[in-house]
1. Can you tell me which of R344, R275, R287 is among the basic types (K, R), modelled with pLDDT of 95 or more and not in a helix (DSSP H, G or I)?
2. Hey, can you tell me all the residues within the range 105-131 that are assigned to a helix (DSSP H, G or I) and either charged (D, E, K, R) or modelled with pLDDT of 95 or more (or both)?
3. If I filter the range 1-21 down to residues being of a type outside the set (F, W, Y) and in a helix (DSSP H, G or I), which single residue comes out as surrounded by the fewest Cβ atoms within 10 Å (Cβ to Cβ)?
4. Quick check, is A273 without any contact (Cβ under 8 Å) to a residue 12 or more places away in the chain, in the same structural domain as V253 (by TED's automatic domain parsing), at negative phi and of a type in the set (A, V, I, L, M)?
5. Do we find that R301 is within 30 Å of V34 (Cβ to Cβ), touching a helix residue (DSSP H, G or I) at 6+ places or on another chain (Cβ under 9 Å) and among the charged types (D, E, K, R) in this structure?
6. Based on this model, can you work out whether N338 counts as surrounded by fewer than 21 Cβ atoms within 10 Å (Cβ to Cβ), out of contact with any Phe, Trp or Tyr (no Cβ under 9 Å at 6 or more places or on another chain), among the polar types (S, T, N, Q) and not assigned by TED's automatic domain parsing to the domain that holds Q238?
7. Tell me, please, whether a residue that is farther than 21 Å from A195 by Cβ, among the hydroxyl-bearing types (S, T, Y) and either surrounded by fewer than 24 Cβ atoms within 10 Å (Cβ to Cβ) or out of contact with any Gly (no Cβ under 8 Å at 6 or more places or on another chain) (or both) can be found in the range 78-87.
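The values are calculated or read from the model by the stated rules, or taken from the named source; none is laboratory data. Keep in mind that this is a model prediction, so the values were computed, not measured. We place every Cβ from the backbone using ideal geometry, glycine too, and count neighbours over all the protein chains shown.
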Amino acid sequence: MITEFQARIAEGKPLRIRGGGSKDGYGNALEGDVLDTRGHAGIVAYEPTELFITAKCGTPLAEIEAALAASGQCLPFEPPRFSADSTIGGVVAAGLSGPRRVSAGALRDFVLGVKLLDGEARELAFGGQVMKNVAGYDVSRVMAGSLGTLGLITEVSLKVLPRPVADATLRFAMTQAEALDTLNRWAARPLPIVASAWEAGVLTLRLAGARAAVETAQQNIGAGEMEESAVWDALRDQTAAFFQTEILWRLSVPSTAPELNLPGKQLIEWGGALRWLKSDAPAETIRATAAAVGGSATLYRAPAELKAQVGAFAPLPAPLMALHQNLKAAFDPRGLFNPGRFYRGL
């Protein structure tokens, strides 16, 4: 399969790298001929005792999670699936993390190594399979969230962790201001809070870890009203009612940022650091509001015309844009991979 990929790259035509297509709506307009990665699939190595798994890019995420679950392990950053067709290559390229990101860390923190084809169809390898073997420039993590603009990820090694022994989900009636204040106060305490979500006057909290720690935390913070744990899958895969909207903004801000004075409805995750916004407010207003508190705003979902007009991602300062351009020139000098998915010319 690698030789087929290399032949497509050698043709010199713009390519739209695609696995299951579950993340097609993320980023700017898709351009180029489709290069389907699903034929390059399979788990290459899995060592539960070494806490790593290596798989080819087209391997379904569901297959990987099933293998991990059989050994009582998981991908703790809970990558969004969005559909059963989600592949591990697309998961890494998108760089998205789910509800537990605030406690477990981001997807890029779990990338140990990658193999890829660059814009000259050369096979490159970075990182390793276990943390002690990862040395040198951390290029493998640069690929996480690159949206396929730097190269075709053909294989990836990820760190995995044991599944929590105990898990509990609680609900509390709170205003947004109360929820933000409470979450920041709880963050300073040794509580096994692994995820949170506030929407429409209700704070939902997820506790996970050792059974004694979860039970003690419930006693310390108050039992709250119990909630079905399926709420976290609905957030992870964005099947919850809140996400059924044509225009959706993703605001990344400091967890200590106050309420954002923006029209529309919000859903807040990651202890206040991730704020989903449904709003028809001008892009300039939303991005300026996020920037004012030290954050940024991504037009996560919108009609194609709106994304073409304002761009999915906030404009970069000149030094950061230069860094992106230099990386693109180094890995994909002919500009073949997912052109324009991030910014024009990248």
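1. Values: R344 fails: modelled with pLDDT of 95 or more; R287 fails: not in a helix (DSSP H, G or I).
Checking each option against the conditions leaves just R275.
2. The answer is L107, R108, D109, F110.
3. Of all residues in the range 1-21, those of a type outside the set (F, W, Y) come to 1-4, 6-21.
Of the ones still in play, those that are also in a helix (DSSP H, G or I) are 2-4, 6-10.
Numbers: I2: 15, T3: 8, E4: 11, Q6: 15, A7: 10, R8: 19, I9: 23, A10: 11.
Among residues in the range 1-21 that are of a type outside the set (F, W, Y) and in a helix (DSSP H, G or I), the one surrounded by the fewest Cβ atoms within 10 Å (Cβ to Cβ) is T3.
4. Details: without any contact (Cβ under 8 Å) to a residue 12 or more places away in the chain: no; in the same structural domain as V253 (by TED's automatic domain parsing): yes; at negative phi: yes; of a type in the set (A, V, I, L, M): yes.
It is false that A273 is without any contact (Cβ under 8 Å) to a residue 12 or more places away in the chain, in the same structural domain as V253 (by TED's automatic domain parsing), at negative phi and of a type in the set (A, V, I, L, M).
5. Spelling it out, R301 is indeed within 30 Å of V34 (Cβ to Cβ), touching a helix residue (DSSP H, G or I) at 6+ places or on another chain (Cβ under 9 Å) and among the charged types (D, E, K, R).
6. no
7. yes
Listed here are the residues, each with its yes/no results for (1) within 18 Å of T175 (Cβ to Cβ); (2) surrounded by 15 or more Cβ atoms within 10 Å (Cβ to Cβ).
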site	(1), (2)
A230	no, no
T256	yes, yes
P263	yes, no
I268	yes, yes
D280	no, no
T285	no, no
A288	no, no
